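Visitor: Structure provided below as structure tokens; questions to follow.
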Amino acid sequence: MAHSSLEKYNQSLAAVRERFDANPALNALRSNSDPRMLELFLLYFCAIGAQMTQPVEDWIRRAASRCTELGFEQLAKALGHHAQAESGHHLMMIADVHSLANHWNSRRLTQMNYSGKHRGKGAELL
């Protein structure tokens, strides 16, 4: 019967998968045969992702603290554990930026500068 649950799950996601597959941004990435575009997209995605994930641990810790104040001890404890699990996720994305930039720089004449010396989106994190 495990297949039945999986089949139901897949059926419930079918429409979502179709919408994702038809997404114009995804199709723009797919339609471009230049591998540089995908590399640049991944660099941008990781740089922006680092900015987006950096405050998450603090948000969850503050929610846990407020839950404690309101007497929701079990929820506060769960949020505290979740905050701990989120710790450092932005650092993984920064490491990805460095790795992708090093890969780019090893293969391209135009070099990526990710040291933060040049201010741009995400540069202060790197």
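Visitor: What number goes with the only condition from (1) over 30 Å from THR110 (Cβ atoms); (2) in a helix (DSSP H, G or I) that PHE41 does not pass?
Guide: Failing condition for PHE41: (1).
Visitor: Which ones in the stretch 29-54 are more than 9 Å from the chain's Cα centre (by Cα) and within 20 Å of ALA85 (Cβ to Cβ)?
Guide: If the condition is that a residue be more than 9 Å from the chain's Cα centre (by Cα) and within 20 Å of ALA85 (Cβ to Cβ), then GLN51, GLN54 are the ones that fit.
Visitor: Quick one: ASN27 ticks every box in (1) in a loop (DSSP other than H, G, I, E, B); (2) surrounded by 10 or more Cβ atoms within 10 Å (Cβ to Cβ) bar one, so which box is it?
Guide: Every listed condition holds for ASN27 apart from (1).
Visitor: Also, I was wondering about something else. Determine whether the stretch 35-57 contains at least one residue that is more than 30 Å from HIS103 (Cβ to Cβ) and surrounded by 11 or more Cβ atoms within 10 Å (Cβ to Cβ). Let's see the steps before the verdict.
Guide: If we filter the stretch 35-57 for residues that are more than 30 Å from HIS103 (Cβ to Cβ), which is where we start, we get none.
Looking through the stretch 35-57, none of the residues is more than 30 Å from HIS103 (Cβ to Cβ) and surrounded by 11 or more Cβ atoms within 10 Å (Cβ to Cβ).
Visitor: Scan (1) surrounded by 14 or more Cβ atoms within 10 Å (Cβ to Cβ); (2) of a type in the set (A, V, I, L, M, F, W, C); (3) assigned to a loop (DSSP other than H, G, I, E, B) for the single condition TRP104 breaks and write down its number.
Guide: Looking at each condition in turn, TRP104 falls short on (3).
Where a number appears in this text, it was derived from the coordinates with a stated rule and is not lab data. Quantities reported herein were computed from a predicted structural model and do not represent experimental measurements. Methodologically, a virtual Cβ is constructed for each residue, glycine included, from the backbone with ideal geometry; neighbour enumeration extends over all protein chains shown.
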